[in-house]
1. Only one residue in 15, 26 is surrounded by 14 or more Cβ atoms within 10 Å (Cβ to Cβ), modelled with pLDDT under 80, of a type outside the set (Gly, Ala, Ser) and assigned by TED's automatic domain parsing to the domain that holds residue 127. Which one?
2. Looking only at residues in region 68-100 that are under 18 Å from the mean Cα position of the chain (by Cα) and acidic (Asp, Glu), which one is modelled with the highest pLDDT?
3. If you scan region 3-13, which residues turn out to be free of Cβ contacts under 8 Å to residues at least 60 places away in the same chain and not basic (Lys, Arg)?
Amino acid sequence: MNSKNTVMGILFIVVGLTFAGLGIWVQFVRNLGYVPVEAEITKIEKLSNPTHNGGKHRTSANYVAYVQYEVDGKTYVGQSDVWESGMSTGQTVTIFYNPNNPAEMGGDARWLGWFIIGIGGIAVLAGGAMMIPSKTHY
């Protein structure tokens, strides 16, 4: 077994396990106890990000949706962490808020934890594959 492959394999496994742990935290701990509520999009802001690629100047755009929601008769306003094309002002979306601090909210990011776990799993598998000795025929 090549020691370079072993080191890279171990590195991939460590990074993969770190990603998997982060994904588990996002999926099962971070939003644990958050409560869903319907929120209205009150404003959509377009943020421009100038980029330079090989002397060419380009602008990419990111969008931020601001929402308003009500909990126990009190209105809260904040920036949603979820953006999907086709969103428009006045549209209703589901967000999740912390019942201990209703001003703290998150979007419906349940897919994010699974995505991070998946990336971690792929890295662990790649690291394991790097550590399998290859058969060389002489």
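The values are calculated or read from the model by the stated rules, or taken from the named source; none is laboratory data. Here the structure is a predicted model, which is why all the values come from computation and not from measurement. Methodologically, a virtual Cβ is constructed for each residue, glycine included, from the backbone with ideal geometry; neighbour enumeration extends over all protein chains shown.
1. Working: 15 fails: modelled with pLDDT under 80.
Result of the check over 15, 26: 26.
2. 84
3. 3, 7
Yes/no per residue for (1) at pLDDT 90 or above; (2) assigned by TED's automatic domain parsing to the domain that holds residue 2; (3) under 30 Å from residue 4 (Cβ atoms); (4) surrounded by 11 or more Cβ atoms within 10 Å (Cβ to Cβ):
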| site | (1), (2), (3), (4) |
| --- | --- |
| 52 | no, no, no, no |
| 57 | no, no, no, no |
| 63 | no, no, no, yes |
| 66 | yes, no, no, yes |
| 119 | yes, yes, yes, yes |
| 124 | yes, yes, yes, yes |
